[in-house]
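Working notes, structure below.
The values are calculated or read from the model by the stated rules, or taken from the named source; none is laboratory data. These figures come from a predicted structure and were not determined experimentally. Quick reminder, even Gly has a Cβ in these numbers, built from the backbone with ideal geometry, and neighbours come from all protein chains shown. Remember, those area values only see protein heavy atoms, side chains included, never the ligands or the DNA or RNA. Shrake-Rupley method; radii C 1.70, N 1.55, O 1.52, S 1.80 Å.
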Amino acid sequence: MQIFNHYINGQFRAGTEQFESLNPANGKPWATFPAATEHEVNQAVEAAENALFNSEWTHYTATQRGKLLRKLGDLIVEYANELGDLETTDSGKLARETRAQSAYVADYYHYYAGLADKIQGQVIPIDKPDLHVFTTREPIGVVAAIVPWNAQMFLSATKIAPALAAGNTVVVKASEQAPAAMFKFAELIDQAGFPPGVINIITGFGEPCGRALTAHPKVARVAFTGGPETARHIVRNTAANFAHVSLELGGKSPMIIFEDADLEGAVNGIIAGNYGASGQSCVAGSRVFIQSSIYDDILERIKQRAAEIVIGDPLAEHTQVGPLATTAQVERCERVIANSIEQGASLICGGKRPSHLSEGWYFEPTLLSCPDQSIESVRTEFFAPVISALKFDTEEQAIAMANDSQFGLGAGVFTENLARAHRVTKQIRSGIIWVNTYRAISPLAPFGGFKQSGGSREAGIDVIYDYTRTKTTWINTSKQPMANPFVMQ
Ligand code: NAD
């Protein structure tokens, strides 16, 4: 059993309470983690506040901050395999994916390292004489970064990197599910040479850890990725401190396959968007709309591809689909599929645990053909390798069906018709839309949703301003002292 501790004020500290983590590949305990109580949340926030106002960090130039972030990015590249393997053991995601994603996470630190000294204020051409007025952009304060379990290194980087580039300090609440890689990352923070308290990493449960952190009077900014129900708690919690909140929430993303699409590319997109990461991705394209004339053909191709997929040990090089993260996920998946079939969906393939794997939380890549959008598998985000396919006849129908969802995170369109691609992407109400590709991301490109997917954005240049506040300074430049306010001029 490995033992992990909180990282607070530059030190690893055992928590007063602990919990066990199970390895999804075999269902066995493999590590213990500390579960933060209010006491540890307070320690982490106090450390972050002290680092903000009373440490070397307070006086670093933006260029110095950028250099530290760059060093952290370099260390992430160096330890990418170790970080990836820890995440795989803890979450069941494929090592091939977690290793590559860990290495790519470094690019987020490098990108914001470069932006650190490009945050500028303005001189205001003010409408009054003898006054010099300018704005500067200052850090907001202590940032609470709250992340879900499915990509913790990545989803914390999209918060930590811009927050630090702008001069804030951070308390990360890693998810109670699969936080191991975050504590290896804590070692790299130390190695990079950040002053104690600039980044603190704790883990624990929503109650008390998440609640205490988001309602803490010294937290000024909450950056949250997770589900909409938790987001509602966070919005209520921040009524206590009026922290500025950003929300990156769930999705039930549509993929539209037109009859003029390159069908092989479209099927690759559907497979990548749904069976990649075992479907446990916020942008999984799990509502697949297929034009009637190619419906049976596409279903047959997906079925054939699903049968060839290698399911098994997520650490093995040749594995293509690993286990789900928890046994509860598998049970939920079974429930949703059973309800959907009862409501009229037809099971084309999958729908059960693979018979050749006796332990671990594996589930077969599944395809359901659904008569309409009332079916539970079409309406619910349930984080599993399950595609719900639906037929459409016209472009207008496809757009209306795609938009008929409470969510609006990602979307995919497959067509060889450029005019159609422009027409359709313009009308889809989602924050990200891919044409003839899927799941591509970059630190340079804003990421976020519409509707109940949360309206915030992460990545890209503008996000850096979300971690600053303008200060407006008025300077009297006249030779005269300030006039007596009670004497009319
Ligand atoms: P979740 O909402 O259950 O948990 C997310 C985090 O919030 C965890 O760290 C959890 O401990 C914490 N939390 C729980 N209760 C809290 C409370 N009362 N106050 C403060 N924090 C609290 O989500 P999950 O199951 O870990 O992850 C899956 C969800 O995340 C899905 O809905 C998925 O779509 C979403 N997600 C979104 C994105 C995106 O970028 N939009 C990316 C990945 C995942």
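A few remarks follow.
- For region 184-212, the candidate set comprises residues that are in a loop (DSSP other than H, G, I, E, B) and surrounded by fewer than 23 Cβ atoms within 10 Å (Cβ to Cβ); within that set, the residue that is farthest from the ligand (Cβ to nearest atom) is Gly193.
- When we screen Ala151, Ala174, Ala180 for residues that are of a type outside the set (Phe, Trp, Tyr), within 16 Å of the ligand (Cβ to nearest atom), at pLDDT below 95 and crowded, with 24+ Cβ neighbours inside 10 Å, the only hit is Ala151.
- Region 431-484, residues that are assigned to a loop (DSSP other than H, G, I, E, B), within 14 Å of the chain's Cα centre (by Cα) and not small (Gly, Ala, Ser): Ile432, Arg439, Ile441, Pro443, Pro446, Arg457
- Filtered residues of region 345-368 (kept if of a type in the set (Ser, Thr, Tyr) and under 27 Å from Gly312 (Cβ atoms)): Ser355, Ser358, Tyr362, Thr366
- Selection over region 392-401 of residues that are closer than 12 Å to Ile290 by Cβ and surrounded by 19 or more Cβ atoms within 10 Å (Cβ to Cβ) gives a count of 3.
- Screening Tyr467 on (1) away from the ligand (no atom under 16 Å from the Cβ); (2) over 26 Å from Thr230 (Cα atoms) shows it passes everything except condition (2).
- Condition broken by Gly312, with the remaining ones in (1) open to solvent by less than 10 Å² (accessible area, probe 1.4 Å); (2) in contact with a helix residue (DSSP H, G or I) (Cβ under 8 Å, 6 or more places away or on another chain); (3) farther than 15 Å from Asn436 by Cβ satisfied: (2)
- Every residue from region 155-183 that is part of a helix (DSSP H, G or I) and more than 12 Å from Ser91 (Cβ to Cβ): Leu155, Ser156, Ala157, Thr158, Lys159, Ile160, Ala161, Pro162, Ala163, Leu164, Ala165, Phe183
- Taking first residues from region 381-393 that are outside the structural domain of Leu324 (by TED's automatic domain parsing) and partners that are outside any strand (DSSP E or B), no Cβ contact under 7 Å between residues at least 6 apart in sequence or on separate chains turns up.
- Residues (within 18 Å of the chain's Cα centre (by Cα) and open to solvent by 20 Å² or more (accessible area, probe 1.4 Å)) located in region 277-301: Cys282
- Filter result for Arg232 (within 16 Å of the ligand (Cβ to nearest atom) and surrounded by 20 or more Cβ atoms within 10 Å (Cβ to Cβ)): no
- Among residues of region 213-229 being surrounded by fewer than 19 Cβ atoms within 10 Å (Cβ to Cβ) and within 14 Å of the ligand (Cβ to nearest atom), the one that is farthest from Arg457 (Cα to Cα) is Glu229.
- Within region 371-380, the set of residues being farther than 30 Å from Lys28 by Cα and either open to solvent by less than 10 Å² (accessible area, probe 1.4 Å) or without any contact (Cβ under 8 Å) to a residue 12 or more places away in the chain (or both) comprises Ile375, Val378.
- Arg332 meets each of the listed conditions (1) open to solvent by 10 Å² or more (accessible area, probe 1.4 Å); (2) farther than 29 Å from Gly408 by Cβ; (3) modelled with pLDDT of 95 or more; (4) of a type outside the set (Phe, Trp, Tyr) apart from (2).
- Output for region 235-268, where each listed residue is within 14 Å of the ligand (Cβ to nearest atom), closer than 30 Å to Asp372 by Cβ and of a type in the set (D, E, K, R): Glu248, Lys252
- Selection from region 122-179 of residues that are among the charged types (D, E, K, R) and either touching a residue at least 12 places away in the same chain (Cβ under 8 Å) or in contact with a Cys (Cβ under 6 Å, 6 or more places away or on another chain) (or both): Asp130, Arg137, Glu138, Lys159, Lys173, Glu176
- Criterion (within 27 Å of Asn26 (Cα to Cα) and among the basic types (Lys, Arg)) met by exactly one of Arg287, Arg301, Arg232, Arg305: Arg305
- Selection within region 198-250 - of a type in the set (Phe, Trp, Tyr) and closer than 21 Å to Ala186 by Cα: Phe205, Phe224
- Each residue in region 3-60 was checked for being over 25 Å from the mean Cα position of the chain (by Cα), of a type in the set (A, V, I, L, M) and open to solvent by 50 Å² or more (accessible area, probe 1.4 Å), and 2 of them qualify.
- Residue list for region 100-131, restricted to those being part of a strand (DSSP E or B) and within 22 Å of Thr468 (Cα to Cα): Gln122, Val123, Ile124
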